[in-house]
Amino acid sequence: MGTLGYTATISIDGYAADADGDFQWSAPGDDVFDFHVERMADVSAEILGRRTYELMRYWEAEPAGETWSAAEHEFARRWQSLDIVVASSTLTREKVADADVLVPHLGLADVERIVGEAAGEVEIFGPTVASEAIRAGLVDHFRLFIMPKAVGGGLRALPGDARLGMDLVGQRVFQDGTVYLHYTRAR
C-alpha cells in the first residue's frame, strides 16, 4: 500500500498559477530542480489532470534543438518509469497512449484504489485534480515549494474551503529564496 502526496510550487500568496493562468514564474532554479530529481526516487505513480499531463509530456523525449542537462536526463528517466494515471473527461485513450490509466471522472474511491495498489508514494499533481482528495483528508504528504513572489490572484494551490491539521516534518531554503516545506497530515 502506498501513500498519497501533493507537491506544488506556489507564490508566497498561495497561488499555483497567476490570474492569467501563467506559472512560468515558478520555474525552479538548479538546486530546486536537483531536489525534485532526488525526491522522485520515492514516487511510484502520478495522478495528473489533462493540462498537467500535457505539460509533463515534455519529459518523454529530449526535444529537437535542445540539450538537456544530466539532471534533466535523470528527471526524465525517473518520470518515464512512473505509473501515470490521467484524470480527464475530454481526453481519449488514443491521446494518452503513453499513460497507464485514463480515468474519465476521478473520485475519492479511485484515488484510494490507486494508492492502495501502489508500491510507493502516489503523487497527485495539480491543484484542480487534487482538490477533492485534499478536502477529504486523503493526502498524507504536502510538499510546498514557496517562491519569493506574490502574484495577487489566480489558481489557489490549496482549496479555499479545506480544513486540515498538518505537522511540519521538513524544511529547506534554496539559493534563489525558494522555501520548501514538507508537512504530513496530523493524525
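Results, tabulated for the structure shown:
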quantity: Flag for Glu60 being farther than 17 Å from Ala87 by Cα, at pLDDT below 95 and surrounded by fewer than 16 Cβ atoms within 10 Å (Cβ to Cβ); calculated: yes
quantity: Filter pass, Glu121 being farther than 23 Å from Ser81 by Cβ, acidic (Asp, Glu) and in contact with a Leu (Cβ under 8 Å, 6 or more places away or on another chain); calculated: no
quantity: Flag for Ser88 being within 23 Å of His141 (Cα to Cα) and more than 15 Å from the chain's Cα centre (by Cα); calculated: no
quantity: Failed criterion for Glu74 (all others in (1) exposed (fewer than 15 other Cβ atoms within 10 Å of the Cβ); (2) under 28 Å from Glu38 (Cβ atoms); (3) out of contact with any strand residue (DSSP E or B) (no Cβ under 8 Å at 6 or more places or on another chain) hold); calculated: (1)
quantity: Tally of residues being of a type in the set (Ser, Thr, Tyr) and in contact with a helix residue (DSSP H, G or I) (Cβ under 8 Å, 6 or more places away or on another chain) across the range 8-54; calculated: 4
quantity: Conditions (1) free of Cβ contacts under 8 Å to residues at least 12 places away in the same chain; (2) closer than 28 Å to Ser26 by Cα; number of the one not met by Thr92; calculated: (2)
quantity: Condition met for Thr52 (in contact (Cβ under 8 Å) with a residue 40 or more places away in the chain and of a type in the set (S, T, N, Q)); calculated: yes
quantity: So Thr67, is it touching a residue at least 12 places away in the same chain (Cβ under 8 Å), among the polar types (S, T, N, Q) and exposed (fewer than 13 other Cβ atoms within 10 Å of the Cβ); calculated: no
quantity: The range 55-85, residues that are in contact with a helix residue (DSSP H, G or I) (Cβ under 9 Å, 6 or more places away or on another chain) and among the aliphatic types (A, V, I, L, M); calculated: Met56, Ala61, Ala71, Ala76, Leu82, Ile84, Val85
quantity: Cβ pairs under 7 Å, 6+ apart, first in the range 148-174 and acidic (Asp, Glu), second part of a loop (DSSP other than H, G, I, E, B) and surrounded by 13 or more Cβ atoms within 10 Å (Cβ to Cβ); calculated: none
quantity: Residues of the range 121-177 classified as in a loop (DSSP other than H, G, I, E, B), over 23 Å from Val103 (Cβ atoms) and of a type in the set (Gly, Ala, Ser), total; calculated: 6
quantity: Residue in the range 6-19 that is free of Cβ contacts under 8 Å to residues at least 12 places away in the same chain and surrounded by fewer than 16 Cβ atoms within 10 Å (Cβ to Cβ) present; calculated: no
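The values are calculated or read from the model by the stated rules, or taken from the named source; none is laboratory data. Note that the coordinates shown come from a computational prediction; the quantities given were computed from them, not determined experimentally. Cβ: placed from backbone, ideal geometry, glycine included. Neighbour counts: every protein chain shown.
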